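Take a look at the structure below.
The values are calculated or read from the model by the stated rules, or taken from the named source; none is laboratory data. Quantities reported herein were computed from a predicted structural model and do not represent experimental measurements. Cβ sites come from the backbone with ideal geometry, for glycine too, and all protein chains shown count toward neighbours.
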Amino acid sequence: MADISTDIDLGAHLSGRIDGMRDALIALAQDLIRIPTLNPPGENYAAICDYLDRRLKASGFETQLIRATGAPGDSDRFPRWNIVARREGARAGDCVHFNSHTDVVEVGQGWTCDPFGGELRDGRIYGRGACDMKGGLATSIIAAEAFIAECPDFAGAIEISGTADEESGGYGGVAYLAEQGFFAPSRVQHVIIPEPLNKDRICLGHRGGWWAEIETKGEIAHGSMPFLGDCAIRHMGAVLDAFEETLFPAMAARYTEMPVVPDGARQSTMNINSVHGGQPEQSSDYTGLPAHCVPDSCRIVIDRRFLIEENVDSVRTEITELLEGLKATRPDFDYTLREINRVIPSMTDRAAPVVTTVGAAIRSVMGKDPTYVASPGSYDQKHIDRIGKLKNCIAYGPGVLELAHKPDEWIGVDDMLDSAKVMAHSLRTLLAP
Ligand SMILES: [Zn+2]
């Protein structure tokens, strides 16, 4: 065990070095924001990987550029490029991996500044992706560079990845890399995902998700004689009634032990994402009247988020039983159910080394206890857990979660600096020479 006074010295040096990198951190975050990596469709992944490649090579990392060929969304026009950079230490030891997604969501309305300008104003950097999560990516790079400069004889290895498509499921990014073995426990032991969860919180995992399309069937007829047909929209009405009467109350009664924030997401929830029935909508400049038809099809897409105490098959069964119940009791009711996607919940143990290490670093850098949370929606931890089989993974990074995907999204420079210190102090613990 290190001498305590030396240890405090080292910690102070490391924090001081990071304070001295303030301008470099700002410039790096701005450069990343100025590359518009919009997803969909998945633009400029090659450009941002090329930028990171040059930056990380200059800091002594070995880099690999990996295209997720054949992954959903990958095409020659919009190739899914990823970068994995690795810096070996002086001797064998654990590997700490920082994974950030490089994609950002659409800009949307309501901006008062250039979404790809990276404007610095009053200690905040503005732009799409500033908070979610180019600020976090820049923070992890500065943390690693400061740590390497301060402890060049560290043990083990540091990896930094920039990955595609997190905002659309991560299949062209972390899922692809996990399938290629990049997160195998033999290669990586600790994973920190610098998503914007606030600088004093550790996110242990996320709820599960199950998406499906339900179609009710009817029979087309003239609208003046609906009794000669069968209205698919009325059948869907019966489905929605059954959801209100039985499914929503049943879900609201389930409460998870996971520390999900906000509190409303500690229950099972379901969003009805869309409803389509009957004739397609015409464009707004169409001046004709609708034809008189009984709709023979109605479709909804449901987005069911479930708890770690539930399992995905029972989530599916609960809805199938409700539909089968209608089939048994409602004349002419017929339906199809098509599963669209499923994501298992993920939850890292509070005693896992990456959790206790980052927790102690938050205490020493910020002088307060960390808060442990879980995310209502999923992020790339799902792939690291399910495909990579790596359970020692958290999300930890700067940024105010509620700003993600909003207009005038920003990241605080002081928050990035504090978070960089927490990351660098964590590296010092996990990769002690
Ligand atoms: Zn994100």
Selected residue (criterion: nearest to residue 161 (Cα to Cα)) from residues of the stretch 96-113 that are within 16 Å of the ligand (Cβ to nearest atom) and out of contact with any Asp or Glu (no Cβ under 9 Å at 6 or more places or on another chain): 106
Leading residue by the ranking (surrounded by the most Cβ atoms within 10 Å (Cβ to Cβ)) among those in the stretch 242-260 that are out of contact with any strand residue (DSSP E or B) (no Cβ under 8 Å at 6 or more places or on another chain) and in a helix (DSSP H, G or I): 242
Residues that are more than 16 Å from the ligand (Cβ to nearest atom), of a type in the set (Gly, Ala, Ser) and in a helix (DSSP H, G or I), drawn from the stretch 126-159: 143, 144, 146, 149
Sole exception among (1) surrounded by fewer than 22 Cβ atoms within 10 Å (Cβ to Cβ); (2) not in a loop (DSSP other than H, G, I, E, B); (3) not acidic (Asp, Glu) for residue 198, by number: (2)
Pairs where the first residue, in the stretch 365-379, is within 24 Å of residue 11 (Cα to Cα) and part of a loop (DSSP other than H, G, I, E, B) and the second is hydrophobic (A, V, I, L, M, F, W, C) and more than 15 Å from the ligand (Cβ to nearest atom), C-beta under 7 Å, 6+ apart: 370/202; 370/362
Qualifying residue in the stretch 309-327 (condition: closer than 28 Å to residue 175 by Cβ, modelled with pLDDT under 95, in the same structural domain as residue 230 (by TED's automatic domain parsing) and among the small types (Gly, Ala, Ser)): no
Failed item in (1) out of contact with any Leu (no Cβ under 6 Å at 6 or more places or on another chain); (2) outside any helix (DSSP H, G or I); (3) away from the ligand (no atom under 11 Å from the Cβ), with residue 162 passing the rest: (1)
Where a residue in the stretch 122-144 is in the same structural domain as residue 32 (by TED's automatic domain parsing) and at pLDDT 95 or above and its partner, wherever it lies, is among the small types (Gly, Ala, Ser) and near the ligand (Cβ under 10 Å from one of its atoms), with Cβ under 6 Å and at least six apart: 131/399; 131/404; 132/404; 133/100; 135/399; 136/100; 136/397; 137/100
Residue match in the stretch 50-59 (condition: over 26 Å from residue 175 (Cα atoms) and outside any loop (DSSP other than H, G, I, E, B)): yes
Contacts under 7 angstrom Cβ, first residue in the stretch 19-47 being in contact (Cβ under 8 Å) with a residue 12 or more places away in the chain and surrounded by fewer than 21 Cβ atoms within 10 Å (Cβ to Cβ), partner in a helix (DSSP H, G or I) and not hydroxyl-bearing (Ser, Thr, Tyr), 6 or more apart: 19/417; 21/142; 21/146; 22/413; 22/417; 24/142; 26/413
